[in-house]
1. Loop-only trypsin sites (Lys or Arg not before Pro) in the range 78-157, please: DSSP not H, G, I, E or B, and at most 16 other Cβ atoms within 10 Å.
2. Beyond 21 Å between alpha-carbons counts as too far, so tell me which of K79/K142; K145/K180; K76/K106; K79/K158; K17/K76 fall in that bin.
3. Around I10, which amide H atoms from residues at least 5 apart in sequence, or from another chain, sit under 5 Å from its own amide H, with H modelled in the peptide plane?
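Bear in mind that the values in this text are calculations on the coordinates, not laboratory data. Everything numeric here is computed off the predicted structure, so don't read it as measured data. Backbone-built Cβ (ideal geometry, glycine too); neighbour counts: all protein chains shown.
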Amino acid sequence: MNQELISIVIPAYNESKNIEACLRSIKAQDYQGPYEVIVTDNDSSDNTAQLARQEGATVLFEARPGVIFARETGTKAAKGSIIIQTDADTTFPTTWLSNIMDTFSKNPIAVAVIGSFKFADGPWWGKPFTALLFGITALVNKFGKRMVYIPGANTAFKKKYWHGYDLKLDQGGDEVALLKALRKEGQIIFLRRNFVLTSARRLEKGLLYNIFVILIYYYIFDYTWRRLTGRGIASPFPRIRHEVKDLEEEKNLETA
């Protein structure tokens, strides 16, 4: 068994409705190796930090608003040689960690192991959206030998190949920019079936909003402008929090 220390880094802003289910599903993993859980409290006004400590997580504080700052703080403090970035509104099948570490063990030159996600709730178009997203990702990876997308909720990488997040990027720094940096370092393995369950709260404003505002405005125009100038053309990406289903409901979804 791979005995490298894993650091699971979770940014959290006002996640009192979600953080317990997230951390308890990590505790329920069948993985027997060592790991630590770091929750970076991004200046929450609720009791997110207290709940995380009660569940045994190491809690750090980051006052600068934005997920990229919270991920940076948590990853810098992490002691593990393997970093897993995920989110506080996410829960995990029991084999999630084992699948990641087995893959690293079998592929020692790999710099990263990438999984997928499924929405635990949300509108009807959420399921075909993720199927299309990860279907394209899998096809390009298989035939083009190139990763084109990594999710903020399910990405594992070796810390020695991490040189910091691009803090100019309020949105996409933990996905697009991180992917570009990891591709320069070496092999990235995609495990499509190693999914996590995450909240569909980002979809609440509808399909058109997600296409034109989130994807085109923030992920393309604002991302490109920030890369060029270091400043956004838009206000900071909206911080999202919302209650998700409890852990038992999500476990039912997982096995459905």
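1. Answer by residue number: K79, K145, R146.
2. Going by Cα-Cα distance, K79/K142; K76/K106; K17/K76 fall outside the 21 Å limit.
3. For I10, the qualifying residues are I38, V39, T40.
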